[in-house]
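First comes the structure, then the notes that go with it.
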Amino acid sequence: MSSSEALVALAYLNLNRCNVSDEGCDKFSGLTNLKVLSLGFNRITDACLVHLKGLTNLESLNLVSCKMGDQGLANLSGLL
């Protein structure tokens with residue numbers, strides 16, 4: 001398995017307190033096997049959440065202390 005195949009197969013990703021910002025969040029959309037994504041205590045805003053709406057296997061999403069509103073959260077409405 002190549003490193004890019006392993007990344008796509010990733011099920012758990014913890015990026016809490018990693019100084020993540022909206023820039024580069026488009027990369028999350030390719031991680032379709034993610035079950036758990038932790039982005040707490042980062043500089044994530046509404047702009048990032050549009051890239052999470054296709055993560056249909058997501059069971060847990062941590063956005064503690066991230067700055068977002070109803071407009072951004074609307075992108076998550078189709079997720080269970």
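The values are calculated or read from the model by the stated rules, or taken from the named source; none is laboratory data. Note that the structure is predicted; figures quoted are calculated from it, not measured. Glycine gets a Cβ as well: all are built from the backbone with ideal geometry, and neighbour counts include every protein chain shown. Protein only, heavy atoms only, side chains kept; ligands, DNA and RNA dropped before computing areas. Shrake-Rupley method; radii C 1.70, N 1.55, O 1.52, S 1.80 Å.
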Express the carbon and sulfur contribution to the solvent-accessible surface of the chain as a percent, rounded to the nearest whole number, probe 1.4 angstrom. 53 percent
Rh (Kirkwood, all Cα-Cα pairs) for the chain, Å, reads 12.7 Å
Under 18 Å between alpha carbons, and skipping anything fewer than 8 positions from Lys67 in its own chain: which lysines qualify? Lys53
Cβ-placed point charges (K, R +1; D, E -1), dipole of the chain about Cα centre in debye, nearest 20: 160 debye
With -39,500 (n - 2.57) per DSSP H segment of 4 or more residues and division by the full residue count of the chain, the 222 nm estimate, nearest 500 deg cm²/dmol, is -3000 deg cm²/dmol
Just the accessible area per residue of the chain, please: how many Å² with a 1.4 Å probe? 62 Å²
